[in-house]
1. Could you list all residues from region 3-38 that are in contact (Cβ under 8 Å) with a residue 60 or more places away in the chain, closer than 20 Å to residue 59 by Cβ and in contact with a strand residue (DSSP E or B) (Cβ under 9 Å, 6 or more places away or on another chain)?
2. For region 5-38, give me each residue that is in contact with a helix residue (DSSP H, G or I) (Cβ under 9 Å, 6 or more places away or on another chain) and exposed (fewer than 13 other Cβ atoms within 10 Å of the Cβ).
3. Scan region 120-131 and give yes if some residue there is within 17 Å of residue 1 (Cβ to Cβ) and surrounded by 13 or more Cβ atoms within 10 Å (Cβ to Cβ), otherwise no.
4. Quick one: how many residues across region 39-57 are loosely packed, with under 11 Cβ neighbours inside 10 Å and either without any contact (Cβ under 8 Å) to a residue 24 or more places away in the chain or within 22 Å of residue 9 (Cβ to Cβ) (or both)?
5. Residue by residue through region 78-116, note down the ones that are surrounded by 14 or more Cβ atoms within 10 Å (Cβ to Cβ), without any contact (Cβ under 8 Å) to a residue 40 or more places away in the chain and within 20 Å of residue 37 (Cβ to Cβ).
6. Please work out which one of (1) closer than 20 Å to residue 136 by Cβ; (2) in a helix (DSSP H, G or I); (3) touching a helix residue (DSSP H, G or I) at 6+ places or on another chain (Cβ under 7 Å) is the condition residue 71 fails and give its number.
C-alpha cells in the first residue's frame, strides 16, 4: 500500500515547509517538510530538495507501517498511520498501545490512542493536538 495524495497533503499541512534548518518543538534540527536525518544548524535547501526528502522519508514510514501492522487497513487508516509515524518515529510507533490495539483488530481503541501523542519534550502542544485529531478523523473514515 502507498500513501495517497490526501495523506501527503496532511503531512505537508502539519509539518510546513522550512528551507532553513530550525530546531523543532522536540529540539531536533529539522528542514523541509519535517526532515531530520543528518540536518545541522545552517542547512539551507531548495523546494525541490524538500520534496525529494519528503518522498524519501515517506517511503521509510510507509515501510514501517506495512511491516508493523498485521491487520487489514483501508486507505484512510493507512494514510493516518503514515502521518503519525512520520511525526512520532518508527520506534515509538512499534512500542505503542495504538499498534497493539490495532493488531488485535481493536480499530476503535486504536483510533482513540491518537490523542495520546500530543507532547514534545513533555509539553502538550496545540499543533500536535490538531494533528492527532485530524489523523484520528482520517483513521476513522470508513471505506475510503
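Values quoted throughout were computed directly from the atomic coordinates according to the rules given, and no laboratory measurement underlies them. All of these numbers come straight from a predicted model, not from anything done at the bench. Here the Cβ positions follow ideal geometry from the backbone for every residue, glycine too, while neighbour counts run over all protein chains shown.
1. Once the filter is applied, which keeps residues that are in contact (Cβ under 8 Å) with a residue 60 or more places away in the chain, closer than 20 Å to residue 59 by Cβ and in contact with a strand residue (DSSP E or B) (Cβ under 9 Å, 6 or more places away or on another chain), region 3-38 yields only 15.
2. 37
3. Within region 120-131, not a single residue is within 17 Å of residue 1 (Cβ to Cβ) and surrounded by 13 or more Cβ atoms within 10 Å (Cβ to Cβ).
4. 6
5. 85, 88, 89, 90, 92, 93, listed by residue number.
6. It is condition (2) that residue 71 fails.
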